[in-house]
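A short write-up of the structure that comes next.
The values are calculated or read from the model by the stated rules, or taken from the named source; none is laboratory data. Given the structure is predicted, the values throughout are model-derived calculations rather than measurements. No Cβ is skipped: glycine too gets one built from the backbone with ideal geometry, and neighbour counts run over all protein chains shown. Only protein heavy atoms, including side chains, enter the accessible area calculation; ligands, DNA and RNA are left aside. Shrake-Rupley method; radii C 1.70, N 1.55, O 1.52, S 1.80 Å.
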Amino acid sequence: MATQVQLLTDYERTRLDERQPLPDAYRRLSDAEMDLRIAAAKHALGDRLVILGHHYQRDEVIKFADYTGDSLKLAQFAARQTAADYIVFCGVHFMAESANVLGAPHQQVILPDLAAGCSMADMAAIDQLESCWDELTEMGVTGVVPVTYINSSAAIKGFCGANGGVVCTSSNATRVMEWAWQQGSRVLMLPDQHLGRNTAYFKMGVPVDQMVVWDPDQADGGVGRDALERARLILWKGHCGVHTRFSTKHIEAFRQAHPGGRVIVHPECTFEVVQAADDCGSTDHIIRTTRASEEGSVWAVGTEIHLVSRLARDLAPARTVVTLDTLGCLCSTMFRISPNHLLHVLEGLVDGDVINRIVVPEPTAGFARVALDRMLSLA
């Protein structure tokens with residue numbers, strides 16, 4: 001049986017129940033006025049405040065971040081911010097939860113809009129994971145180490161921490177999976193099947209026939225016991241709605257338009273897209289690779305549109321960067337963090353009012369900290 005952890009209220013419902021409506025006074029402001037007031041609030045709060053911004057955040061918000069990065073770098077940075085009283089996380093819910101778990105006891109973590117969630121994280125509920133674990137045990141499937149992508153709720157991270165598992169990001173997935181296979185004979189990877197499959201196959205040489213996909217909506221995951229016995233990697237049936245929009249047809253169209261151009265994609269893309277691309281890696285890898293490329297190079301980037309647009313602007317004219325999907329792929333939940341919401345919570349802090357605080361209760365926080373600390377030690 002799984003070691004039990006305290007369950008959080010389903011955080012999708014929490015966001016709806018606890019979301020603070022944006023006051024009318026913050027709805028019809030000019031960009032110039034918001035910029036001035038955000039800057040003034042930051043100045044008033046001084047060293048008591050740290051603003052973290054994920055790479056997928058919109059430009060008009062991320063420009064106020066004290067530190068920007070992908071999920072791994074922001075988790076590392078949050079763990080080091082022991083002096084600030086407030087961490088305002090311009091990202092999504094699971095990122096703010098991780099910052100709360102890793103932060104100092106006196107710190108308060110704020111998410112400017114509680115509706116900023118993650119559809120992938122929503123694909124793995126704690127009760128589904130507990131049922132999966134019990135079903136694997138009942139079928140006699142042993143040696144399973146749970147590994148969760150950081151794009152998951154604190155309850156899922158807590159389960160992994162309580163049951164010998166770990167958290168990973170796209171930056172350190174290979175190292176984490178190597179560690180997990182040193183602990184047991186099988187890895188249960190959730191919630192993104194594509195990150196698990198692409199990392200195991202392209203980075204580690206694990207054959208696809210040693211992987212199975214666990215569907216939490218089917219009895220025994222829709223997987224037979226014999227297939228589970230042969231499997232080294234059990235992939236949760238989850239995905240990113242942004243990255244799975246990219247297709248091999250997009251790559252073919254780019255190659256026709258830009259002979260000699262290169263394609264780099266995120267490992268949350270499908271197996272076929274990664275196989276057809278020239279390179280694959282985390283958000284940080286994409287940034288480093290394109291920036292370090294030779295002048296005159298042309299890149300199609302398969303990831304969230306705000307990052308791609310920022311790279312295109314920053315690297316021009318020496319390098320050309322375009323989105324792999326000409327329609328653009330927007331992370332709509334990340335987009336919910338607006339300058340209006342940021343201003344609202346910052347001016348609340350100036351007035352002594354903490355709005356949209358994220359708190360992970362014990363013992364969930366303690367077990368999640370175990371899994372996150374393992375991740376950071378493997379980074």
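Summary table below
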read-out	value
Residue list for region 190-211, restricted to those being farther than 18 Å from Ser119 by Cβ and open to solvent by less than 20 Å² (accessible area, probe 1.4 Å)	Asn198, Thr199, Ala200, Val206
Matching residues in region 64-91 - criterion: being in contact with a helix residue (DSSP H, G or I) (Cβ under 8 Å, 6 or more places away or on another chain) and farther than 27 Å from Leu36 by Cβ	Asp70, Ser71, Leu72, Lys73, Ala75, Gln76, Ala78, Ala79
Residue count, region 275-313 (criterion: closer than 15 Å to Tyr56 by Cα and either in contact (Cβ under 8 Å) with a residue 12 or more places away in the chain or among the acidic types (Asp, Glu) (or both))	17
Gly117 within 16 Å of the chain's Cα centre (by Cα), more than 21 Å from Ile286 (Cβ to Cβ) and surrounded by 21 or more Cβ atoms within 10 Å (Cβ to Cβ)	yes
Contacts under 6 angstrom Cβ, first residue in region 218-240 being within 17 Å of Leu195 (Cα to Cα), partner in a loop (DSSP other than H, G, I, E, B) and of a type in the set (Asp, Glu), 6 or more apart	Lys237/Asp215; Gly238/Asp192; Cys240/Glu268
Filter result (outside any helix (DSSP H, G or I) and without any contact (Cβ under 8 Å) to a residue 12 or more places away in the chain) within region 327-351	Leu327, Ser332, Asp351
Boolean, Val273 is of a type in the set (A, V, I, L, M, F, W, C) and modelled with pLDDT under 95	no
Extreme residue, nearest to Glu268 (Cα to Cα), among residues of region 333-352 that are open to solvent by 70 Å² or more (accessible area, probe 1.4 Å) and either in contact with an Asp or Glu (Cβ under 7 Å, 6 or more places away or on another chain) or at pLDDT below 95 (or both)	Phe335
Condition broken by Asn172, with the remaining ones in (1) touching a Leu at 6+ places or on another chain (Cβ under 8 Å); (2) at pLDDT 95 or above; (3) within 23 Å of Ala99 (Cβ to Cβ) satisfied	(2)
For Met177: the one exception among (1) touching a Ser or Thr at 6+ places or on another chain (Cβ under 8 Å); (2) hydrophobic (A, V, I, L, M, F, W, C); (3) open to solvent by less than 10 Å² (accessible area, probe 1.4 Å); (4) part of a loop (DSSP other than H, G, I, E, B)	(4)
Among residues of region 150-173, those that are touching a strand residue (DSSP E or B) at 6+ places or on another chain (Cβ under 9 Å), open to solvent by 10 Å² or more (accessible area, probe 1.4 Å) and hydroxyl-bearing (Ser, Thr, Tyr), counted	1
Region 33-46 residues that are in a helix (DSSP H, G or I), paired with ones that are of a type in the set (Asp, Glu) and open to solvent by 70 Å² or more (accessible area, probe 1.4 Å) (beta carbon under 9 Å, 6 or more apart)	Met34/Glu60; Asp35/Glu60; Lys42/Asp66
Lone unmet requirement of (1) assigned to a loop (DSSP other than H, G, I, E, B); (2) open to solvent by less than 30 Å² (accessible area, probe 1.4 Å); (3) at pLDDT 95 or above for Val301	(1)
Any hit, region 129-142, residues being part of a loop (DSSP other than H, G, I, E, B), in contact (Cβ under 8 Å) with a residue 12 or more places away in the chain, crowded, with 19+ Cβ neighbours inside 10 Å and under 22 Å from the mean Cα position of the chain (by Cα)	no
Failed criterion for Asp17 (all others in (1) closer than 21 Å to Leu111 by Cα; (2) surrounded by 11 or more Cβ atoms within 10 Å (Cβ to Cβ); (3) of a type outside the set (Val, Ile, Thr); (4) modelled with pLDDT under 90 hold)	(2)
One residue from Ala84, Ala78 being out of contact with any His (no Cβ under 7 Å at 6 or more places or on another chain), open to solvent by less than 40 Å² (accessible area, probe 1.4 Å) and assigned to a loop (DSSP other than H, G, I, E, B)	Ala84
